[in-house]
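Q: Structure below; questions to follow.
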Amino acid sequence: MLVKVNSLGTQTVKVTQLDIDDYGSVISIAELELELPQDDSVIETLKSASYAAVFTQDDDIHKTITLARPLSLEDLNEEKKKCVETASNKRK
């Protein structure tokens, strides 16, 4: 999932789940609080990133981040461009 990192605690991170529509607009889907793993690399990634692609593992109550990849504004803009191109190709 694509997220904007809002705040990082000791055991959780508050994020805004994002999506990109067919016109390249970034839209907020939900405010989430995700559990942090014991893996320091994930925590360090989220400390240094405003945006990230995160993968989670769900149990009955919590979602725990298992992997995080930082995204720069350039990366985000590239993803927006891809979404617009894909939507344009579908319309043809």
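Q: Under unit Cβ charges (Lys, Arg +1; Asp, Glu -1), what dipole magnitude, rounded to 20 debye, does the chain have relative to its Cα centre?
A: 500
Q: Moving to a separate point now. Quick query: amide H of K63 versus all other amide H atoms, modeled in the peptide plane; which residues come in under 5 Å with a sequence gap of 5 or more or a different chain?
A: The answer is E35.
Q: Of A87, L46, I61, which is farthest towards the positive pole of the chain's charge dipole, taken about the Cα centre with +1 and -1 on the beta-carbons of Lys, Arg and Asp, Glu respectively?
A: The one lying farthest along the dipole's positive direction is A87.
Q: Of the labelled options (i) 70; (ii) 50; (iii) 55, which one gives percent of Cα pairs over 16 Å apart as computed for this structure?
A: (iii)
Q: Under 15 Å from the Cα of K81, which aspartates and glutamates turn up, not counting those fewer than eight places away in the same chain?
A: Filter leaves D19, D21, D22.
Each reported figure results from applying straightforward, stated rules to the coordinates on display, with no laboratory input. Note that the coordinates shown come from a computational prediction; the quantities given were computed from them, not determined experimentally. Don't worry about glycine lacking a Cβ; one is built from the backbone with ideal geometry, like all the others, and counts go over all protein chains shown.
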